[in-house]
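The values are calculated or read from the model by the stated rules, or taken from the named source; none is laboratory data. None of the values given here were measured: they were computed from a predicted structure. Note that we place each Cβ from the backbone using ideal geometry, even for glycine, and neighbour counts take in every protein chain shown. We work out accessible area using only protein heavy atoms, side chains counted, and drop any ligands, DNA or RNA first. Shrake-Rupley method; radii C 1.70, N 1.55, O 1.52, S 1.80 Å.
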Amino acid sequence: MQIVVDLNRCQGYAQCVFLAPQVFELHGEEALLYVPAVPDGQEEHVRQAVAACPVQAISAGEQAGGDSGAR
């Protein structure tokens, strides 16, 4: 599973950080860091984070991350 966050849309509510802390991290008060390639066992946490995002800034799926790979 791959994820992409629209950082222009993200408002830093950090619901994703609470639901999937191994994938999302808030750096400072507003900068969101995330792992584009979801680690094994974290898929359900990411699905919950996608659903909980109040501004729908997160997309997830097999092709969401394109060919960029993990960082």
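In the full protein context, the chain carries 65 Å² of accessible surface per residue, based on a 1.4 Å probe and ignoring ligands, DNA and RNA.
Dimensions of the chain from C-alpha coordinates, computed as largest minus smallest value along each principal axis and given longest first, are 28, 21, 19 Å. For residue 37 and residue 7, the FRET efficiency from 1/(1 + (r/R0)^6), where r spans their Cβ atoms and R0 equals 25 Å, is about 0.90.
Count the net charge of all other residues whose Cβ sits under 12 Å from the Cβ of residue 32, scoring Lys and Arg as +1 and Asp and Glu as -1. Each step should come with its number before you reach the end.
Details: positive: 9; negative: 6, 25, 29, 30.
Result for the local shell: -3.
Here the accessible area of the chain is 46 percent carbon and sulfur, with a 1.4 angstrom probe and all protein chains present.
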